[in-house]
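One structure below.
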Amino acid sequence: MKQKAPNPASSRRLLWPLPVFMLSLALPAAFLVLLGSAMGAPVPGAPAPGAPAPGAAGPGAGPGKPMVQLIVGGRVHEGGGIVEVAADRPTRVRVRAMDGIRYIGLNPAVLVNAAKGRVTLQRSGEWGYAYGNSVANAELRAHRERAELVPGAGLSLSRVGDLEADIRLTDPSRSVTLGVTVELVWRVTTTYLARKVTQTNDLPPVRVSGVFTIKAVGPRGPAPWFTSKHLRATGQESGRVKRILVGLQAELDELEKGLASRRSYEDELRGVSLGVGRVKARLGDLETALAADRQASPPVVSEVTIVGLPTDGVIAMLAGQRRRTERLGELWTYCQGRKADATARLLDLRKGIGQNLLKSVFKNYLNWMNAFFSAADIVSIPTSFPDLITLLYPSRVASALDKPRGLLESWTTAIDDASILSTQMRAIRLLEQTERFFQERMQAAASERAALFAGIHKMQPGVERVEKELKAVVQRLKLVRSSAL
């Protein structure tokens with residue numbers, strides 16, 4: 001396959017010189033501490049001169065925006081665009097996310113030049129890099145990278161790993177799309193040499209997407225006279241073979257629909273087994289028709305290729321569900337941590353409000369008592385008629401004017417205390433709502449994950465059995481070729 005020259009514009013976007021102040025876009029905080037030490041600049045919060053920050057955080061933004069890349073035969077396609085593949089055979093493709101951390105791993109000179117000898121680069125590559133000095137060592141490693149591939153109509157796809165797949169155009173005469181989404185999580189490990197302490201932290205995930213146009217190049221062979229989701233026919237057109245192909249495709253569609261239905265598994269795939277039998281019969285009819293056409297006078301030579309199996313879509317669906325169970329597990333762990341934070345804060349607030357409430361009650365009680373009994377002529381609770389007159393008519397006793405003033409001061413103090421307690425109560429209610437929210441999310445994530453696992457365990461054995469059976473049938477065919485095995 002002919003290789004095109006690299007795109008100068010896209011090369012410049014990733015290889016432009018990085019001054020020190022722009023390097024902050026590409027490096028995590030751990031390296032910024034080292035870099036600050038190398039440049040002689042103070043770094044706020046640095047644990048020691050030249051030491052990587054504990055649990056350095058912050059995803060690498062890199063020079064330019066993070067993007068998805070698709071690699072075909074060593075050639076890198078960025079963010080989208082046209083990808084040329086072979087017309088007559090499957091093509092292996094690999095996808096990855098490109099961000100600042102990966103950029104530095106692939107271009108370590110950026111780090112070495114910026115550090116000016118104060119940092120030793122220990123290793124680097126596509127999957128991360130490690131560096132350090134006499135104080136500490138830091139390693140950034142790709143902890144997890146997953147891809148979702150969505151082929152357009154006319155493109156068959158077979159996954160061979162988390163980041164690789166074999167793709168083939170069922171109709172090389174036209175271009176189709178391939179949607180790609182990649183999620184990458186970097187893990188930072190910092191080791192302090194003197195203290196012999198190691199800290200690990202996962203950076204926020206980098207998620208990038210792109211749509212590529214897949215186009216056939218090279219020898220395309222004759223144009224197909226019949227194409228469908230699973231079948232392709234070239235050569236001389238045969239009406240008899242075409243009728244069989246239409247019926248076979250209908251049976252394959254029905255079989256795929258049955259495999260994707262949960263009701264089929266409740267029936268122990270009896271309906272699917274009947275469908276497999278009908279597909280076998282149609283394939284037998286197809287072989288017979290092809291042989292008869294070739295023995296006719298004049299002979300009609302057709303070539304039929306099976307480009308996909310009805311199990312392919314269900315297997316891809318199950319793989320997507322397995323990836324979702326992993327993410328739900330991560331969501332559950334995250335919610336558990338946030339719920340624990342809210343619970344700990346609630347305990348502190350409840351303890352504090354209990355203490356403040358007791359202090360407020362006793363303080364205001366004493367203030368009221370002092371105000372009530374502060375006047376010289378009031379030394380006890382009124383028990384006789386003259387005493388009551390004195391309280392009701394303060395003009396009779398001048399000192400009685402002090403009582404309202406003292407009571408007003410105590411009332412104001414009580415209002416202030418009540419305001420503080422009210423603020424604390426609102427904070428408690430908010431934290432209780434937060435605690436309930438994360439608890440509900442944990443329960444929802446656990447329920448969905450359990451349901452997905454149940455569905456996977458119920459469907460996967462049957463799908464694999466049907467796939468194995470269909471592949472065995474296709475391999476025994478003599479005149480029908482297959483690119484789906």
Inset, instruction - Determine whether Val208 is in contact with a Phe, Trp or Tyr (Cβ under 9 Å, 6 or more places away or on another chain) and hydrophobic (A, V, I, L, M, F, W, C). - result: no
Legend entry - Condition met for Glu251 (in contact with a Gly (Cβ under 9 Å, 6 or more places away or on another chain), buried (at least 19 other Cβ atoms within 10 Å of the Cβ) and of a type in the set (D, E, K, R)): yes
Inset, instruction - Might you check whether a residue that is under 16 Å from the mean Cα position of the chain (by Cα) and closer than 18 Å to Val76 by Cβ occurs anywhere in the range 171-178? - result: no
Inset, instruction - From Arg174, Arg144, grab the single residue that is of a type in the set (Lys, Arg), under 28 Å from Ile104 (Cβ atoms) and loosely packed, with under 15 Cβ neighbours inside 10 Å. - result: Arg144
Legend entry - Candidates Val208, Val217, filtered to the one that is within 30 Å of Met67 (Cβ to Cβ) and loosely packed, with under 15 Cβ neighbours inside 10 Å: Val217
Legend entry - the range 236-248, subset surrounded by fewer than 17 Cβ atoms within 10 Å (Cβ to Cβ) and in contact with a Phe, Trp or Tyr (Cβ under 9 Å, 6 or more places away or on another chain), residue nearest to Leu470 (Cα to Cα): Val246
Legend entry - Options Thr213, Thr181, Thr234, Thr190: the member that is of a type in the set (Ser, Thr, Tyr) and modelled with pLDDT under 90: Thr234
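The values are calculated or read from the model by the stated rules, or taken from the named source; none is laboratory data. Everything numeric in this text was worked out from a predicted model, so none of it was measured. Methodologically, a virtual Cβ is constructed for each residue, glycine included, from the backbone with ideal geometry; neighbour enumeration extends over all protein chains shown.
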